[in-house]
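Take a look at the structure below.
The values are calculated or read from the model by the stated rules, or taken from the named source; none is laboratory data. All figures in this text were calculated on a predicted structure; none of them were measured in a lab. FYI the Cβ positions are ideal-geometry reconstructions off the backbone, even for glycines, and counts take in every protein chain you see. Please note that ligands, DNA and RNA were not included when accessible areas were found on the heavy atoms of the full protein model with its side chains. Shrake-Rupley method; radii C 1.70, N 1.55, O 1.52, S 1.80 Å.
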Amino acid sequence: MKVGILQVGQVAPHVLAVVEDGLTKTFPDTSVSVIREPLPVPLNAFDKKRNQYNSTIILNEVRVYAAKSHDFHRVLGVVDVDIFTSGLNYVFGEAYTSGNAGLISLWRLKPEFYKDKPDMALYLLRAQKEAIHEVGHTLNVRHCPRSLCVMHFSNSIFDTDKKQNLLCDECYLQTAIAIANLG
Ligand SMILES: [Zn+2]
Ligand SMILES: [Zn+2]
């Protein structure tokens, strides 16, 4: 599988590198690269009342980009703005199940967001987990009941911290099958 990492707006390069590394190590037969040109954050995604961005609108832009690009099976967008989706106060990410695109937000992964002291290692580990999780969804993997599996649903940052940056055997097998079927 070929995965492109697409920055939407400004994202720190070392974060993209760590996400790239996490995806490469997790999925079988996979090469990952960071797309050089960022996509601007779509202005119509901003919700003034909420002071947040609509995740679905941004994800759709990533999907359109992925559909036009012939270089990648999957494109993962990375934003550093606060995102929400209808019915939820915030999300760490969103993806199309069995689709070509996923999206993660770094905004709520920073320890400072929770008034904790900065911890770069923790922040990067969280970014890896969320990235693997959303790419997993694009490979038709649903939420996993095992709380340590990276495909477990994160309702809050505590769930993200509890799970590992690894797929359980069952989820791994599912991704391996989906990747083999990409041809
Ligand atoms: Zn999920
Ligand atoms: Zn699992």
**Prompt:** Once the dipole of the chain is set up with Lys and Arg at +1 and Asp and Glu at -1 on Cβ about the Cα centre, which of T24, S154, M1 lies farthest towards its positive end?
**Reply:** S154
**Fill in**
For S69, the accessible surface traced by a 1.4 Å probe with all protein chains present amounts, in square angstrom to the nearest 10, to 20
**Request:** Report the relative contact order of the chain, percent, no decimals, based on alpha-carbon pairs under 8 angstrom and at least 6 residues apart.
**Result:** 20
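If you add up the charges near T160, with Lys and Arg at +1 and Asp and Glu at -1, over every other residue whose beta carbon is less than 11 angstrom from its beta carbon, what do you get?
Details: positive: R108, R126, K129, K162, K163; negative: E130, D159, D161.
Around T160, the surrounding residues sum to +2.
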**Length-normalised contact order of the range 1-93 in % [C-alpha pairs under 8 Å, at least 6 apart]** = 38
**Request:** Report in % the part of the accessible area of the chain that belongs to carbon and sulfur, leaving out ligands and nucleic acids; probe 1.4 Å.
**Result:** 54
**Complete:** Quick calc: nm separation of the 7 Å Cα→Cβ label points for H143 and Y90 -> 1.8
**Fill in**
the chain accessible area per residue, 1.4 Å probe, protein heavy atoms, integer Å², reads 51
**Asked** Relative contact order of the range 111-183: what whole-number percent is it, with Cα pairs under 8 angstrom and at least 6 residues apart?
**Response** 27
**Complete:** By the C-alpha gyration tensor axes a ≥ b ≥ c (rounded if a/c is under 1.5, else prolate when a/b exceeds b/c, else oblate), the shape of the range 2-180 is rounded
**Complete:** Full extension between Y114 and H70 adds, at 0.36 nm per residue less the Cα distance, a length in nm of 11.9 nm
**Request:** Sort the range 101-183 into rounded, prolate or oblate with this rule: let a ≥ b ≥ c be the square roots of the eigenvalues of the Cα gyration tensor; rounded if a/c is under 1.5, and if a/c is not under 1.5, prolate when a/b is larger than b/c, oblate otherwise.
**Result:** prolate
**Request:** Restrict the search to the range 1-105; then list the trypsin sites (Lys or Arg not before Pro) that DSSP places in a loop and that have at most 12 other Cβ atoms within 10 Å of their Cβ.
**Result:** R36, K48, K49, R50
**Message:** So if I place +1 on the C-beta of Lys and Arg and -1 on the C-beta of Asp and Glu, and nothing else carries charge, what would the dipole magnitude of the chain be about its Cα centre? I want it in debye, nearest 20.
**Reply:** 280
**Complete:** Summing -39500 (n - 2.57) over every DSSP H run of at least 4 residues in the chain and dividing by its residue count gives a helix-only mean residue ellipticity at 222 nm, to the nearest 500 deg cm²/dmol, of -11500 deg cm²/dmol
